[in-house]
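Take a look at the structure set out below.
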Amino acid sequence: QVQLVESGGGLVQAGGSLRLSCAASGSIFSINLVRWYRQAPGSERELVATISKGGTTNYADSVKGRFTVSRDNAKNTVFLQMTGLNPEDTAVYYCHAPARGVGYWGQGTQVTVSS
């Protein structure tokens, strides 16, 4: 079993920054990949960024150059640094980790960007 807890969301003005955290506990040794998703009201969940255990990253085109995903393996935590935020980034942000054939989700953290 893996538990994921996101934090760091909040209300920010357009152009501002936030850093989200995803803390993992439980059978963390089985986690190789962590993904950040977001879901805006009335929209499907969207993959935002991915980071492998070795640090390889991938980003959605909509956030490239603005968001940076990183991880601290010693602290079992993955971060999503978000800069240049705009109202279209408003969503609930979730981290996800597949482990031993099971996909684990955190509870999500709300990010709201005001214009």
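The values are calculated or read from the model by the stated rules, or taken from the named source; none is laboratory data. These numbers come from a predicted model, not from an experiment. All Cβ positions, glycine included, derive from the backbone under ideal geometry; neighbour counts span all protein chains shown. Remember, those area values only see protein heavy atoms, side chains included, never the ligands or the DNA or RNA. Shrake-Rupley method; radii C 1.70, N 1.55, O 1.52, S 1.80 Å.
Between a residue in the range 61-90 that is of a type in the set (Lys, Arg) and any residue that is in a strand (DSSP E or B), which pairs come within a Cβ distance under 6 Å, given they are 6 or more apart or on different chains?
Hits for this filter: ARG71/ILE51; ARG71/VAL78.
Do you know which residues across the range 1-35 are farther than 23 Å from LEU85 by Cβ and either open to solvent by 60 Å² or more (accessible area, probe 1.4 Å) or more than 14 Å from the chain's Cα centre (by Cα) (or both)? Steps first, please.
Residues of the range 1-35 that are farther than 23 Å from LEU85 by Cβ, as a first pass: 1-3, 24-33.
Result: GLN1, VAL2, GLN3, SER25, GLY26, SER27, ILE28, PHE29, SER30, ILE31, ASN32.
Within the range 108-115, does at least one residue satisfy the condition of being within 23 Å of GLN1 (Cα to Cα) and within 11 Å of the chain's Cα centre (by Cα)?
Residues of the range 108-115 within 23 Å of GLN1 (Cα to Cα): 108-109.
Cutting the leftovers down to within 11 Å of the chain's Cα centre (by Cα) gives us 108-109.
Yes, the range 108-115 has at least one match.
Could you identify the single residue in ALA91, ALA49 that is under 12 Å from LEU20 (Cβ atoms), at pLDDT 95 or above and touching a Pro at 6+ places or on another chain (Cβ under 9 Å)? Give the derivation first.
Numbers: ALA49 fails: touching a Pro at 6+ places or on another chain (Cβ under 9 Å).
That would be ALA91, the only listed residue that is under 12 Å from LEU20 (Cβ atoms), at pLDDT 95 or above and touching a Pro at 6+ places or on another chain (Cβ under 9 Å).
How many residues, within the range 103-115, are in contact (Cβ under 8 Å) with a residue 40 or more places away in the chain and assigned to a strand (DSSP E or B)? Before you say what the answer is, go through the steps one by one.
Residues of the range 103-115 that are in contact (Cβ under 8 Å) with a residue 40 or more places away in the chain, as a first pass: 104-115.
Okay, now just the ones that are also assigned to a strand (DSSP E or B), so 104-105, 109-114.
Here the count works out to 8.
Of the residues ARG38, ARG100, which single one is touching a helix residue (DSSP H, G or I) at 6+ places or on another chain (Cβ under 8 Å) and open to solvent by 70 Å² or more (accessible area, probe 1.4 Å)?
Working: ARG38 fails: open to solvent by 70 Å² or more (accessible area, probe 1.4 Å).
Result of the check over ARG38, ARG100: ARG100.
Of the residues ALA24, ALA40, only one is touching a residue at least 12 places away in the same chain (Cβ under 8 Å), among the hydrophobic types (A, V, I, L, M, F, W, C) and more than 24 Å from VAL102 (Cα to Cα); which?
Numbers: ALA24 fails: more than 24 Å from VAL102 (Cα to Cα).
From the options ALA24, ALA40, the qualifying one is ALA40.
Anything in the range 41-83 that is in contact with a Leu (Cβ under 8 Å, 6 or more places away or on another chain), surrounded by 14 or more Cβ atoms within 10 Å (Cβ to Cβ) and part of a loop (DSSP other than H, G, I, E, B)? List them, or say none.
ALA60, ARG66
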